[in-house]
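J.: Okay, here's the structure, questions in a sec.
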Amino acid sequence: MRVLLVEDEVRLADNLATALRDGPGFAVDWAEDGVTGDDCANNLCYDLIVLDLMLPKLDGLSLLKRLRARRDATPVLILTAKEGANSIIQLLNAGADDYLAKPFDLGELIARAKALIRRGKGAAHPTLAVLGLTVNTLEQTVVRNGVFVDLSPTEYRVLEYLIHRPRVIVSKRELLEHLYDYNWEHHSNVIEVHVSNLRKKLDAVLPEPGQTPGPIIETMRGRGYRLAPSLPSDTEPAGGAEL
């Protein structure tokens with residue numbers, strides 16, 4: 001998933017970006033003032049915006065109001081030093097989805113970020129199921145037909161992005177923009193390799209009786225990739241969200 005971090009404190013921004021990249025494996029773009037953050041949000045597509053309130057050029061609350069005024073529904077997690085009830089009510093009324101008061105624990109930030117992204121994709125539960133796959137987005141584990149599938153970090157991120165968009169054709173450019181940061185052009189020749197390796201690992205698990213054999217990930221020539229249509233025996237795991 002791709003995250004926009006709008007924070008002017010360089011050291012804090014560096015720590016946050018590192019935690020978001022190294023933990024859940026998000027691609028993170030950093031803007032150090034409100035105007036730059038507004039430009040990024042207006043021109044690029046993000047799964048989450050982590051927004052500080054005290055920013056140069058354009059404060060966080062004004063940026064938040066601009067986002068919602070142009071009907072940008074991207075989940076927004078506010079970082080604030082203000083904990084008064086009136087301040088929190090003002091933030092929520094302006095369209096914030098959640099907030100963290102400084103100082104905060106990085107583990108809590110990551111957990112809240114993951115939860116907001118899941119809710120933004122319409123999947124409140126961390127376990128998703130489709131095509132005989134069970135993907136746990138908290139543990140970042142993948143099981144197909146009861147068999148654990150060992151994926152590389154990038155292969156997992158490709159699968160998680162696709163599983164949030166069942167039956168939707170996802171272009172290579174869209175994958176690149178959400179898996180990498182501003183420098184995604186340097187990675188433009190690797191998506192095919194990761195998708196090919198991911199498909200081989202998933203398809204190596206034998207289908208259960210009643211399931212139609214075939215590739216889980218389809219290549220739509222000239223358009224991109226999508227998860228194959230649902231198989232007859234797809235079932236929802238206990239507590240999971242069937243897509």
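The numbers here are math on the coordinates, done by the rules we state, and not lab data. Quantities reported herein were computed from a predicted structural model and do not represent experimental measurements. Note that we place each Cβ from the backbone using ideal geometry, even for glycine, and neighbour counts take in every protein chain shown.
J.: What are the ³J(HN,Hα) couplings of the range 133-142, residue after residue, when phi is run through the Karplus curve with 6.51, -1.76, 1.60 and θ = phi - 60°? Round to Hz, x for glycine and proline.
T.: Along the range 133-142, the couplings run 9, 10, 10, 9, 6, 7, 7, 6, 10, 10 Hz.
J.: Oh, and also: Can you give the Rg/Rh ratio of the range 14-100, where Rg is from the C-alpha atoms and Rh is the Kirkwood radius?
T.: Ratio value, two decimals: 0.95.
J.: When the chain is fully extended, how far beyond the present Cα-Cα distance does residue 72 get from residue 203, taking 0.36 nm per residue of separation?
T.: 43.4 nm
J.: Okay, moving on. What are the ³J(HN,Hα) couplings of the range 88-104, residue after residue, when phi is run through the Karplus curve with 6.51, -1.76, 1.60 and θ = phi - 60°? Round to Hz, x for glycine and proline.
T.: 5, 4, 4, 5, 5, 5, 7, x, 5, 8, 6, 8, 10, 8, 6, x, 9
J.: Another question about this same structure. If you take every residue apart from residue 95 with its C-beta less than 15 Å away from the C-beta of residue 95, what net charge results, scoring Lys and Arg +1 and Asp and Glu -1?
T.: So the surrounding residues net to +1.
J.: While we're on this one: Treating the beta-carbon of each Lys and Arg as +1 and of each Asp and Glu as -1, no other charges, what is the dipole magnitude of the range 24-169 about its Cα centre, to the nearest 20 debye?
T.: Using Cβ point charges on Lys, Arg, Asp and Glu, the range 24-169 gives about 620 debye.
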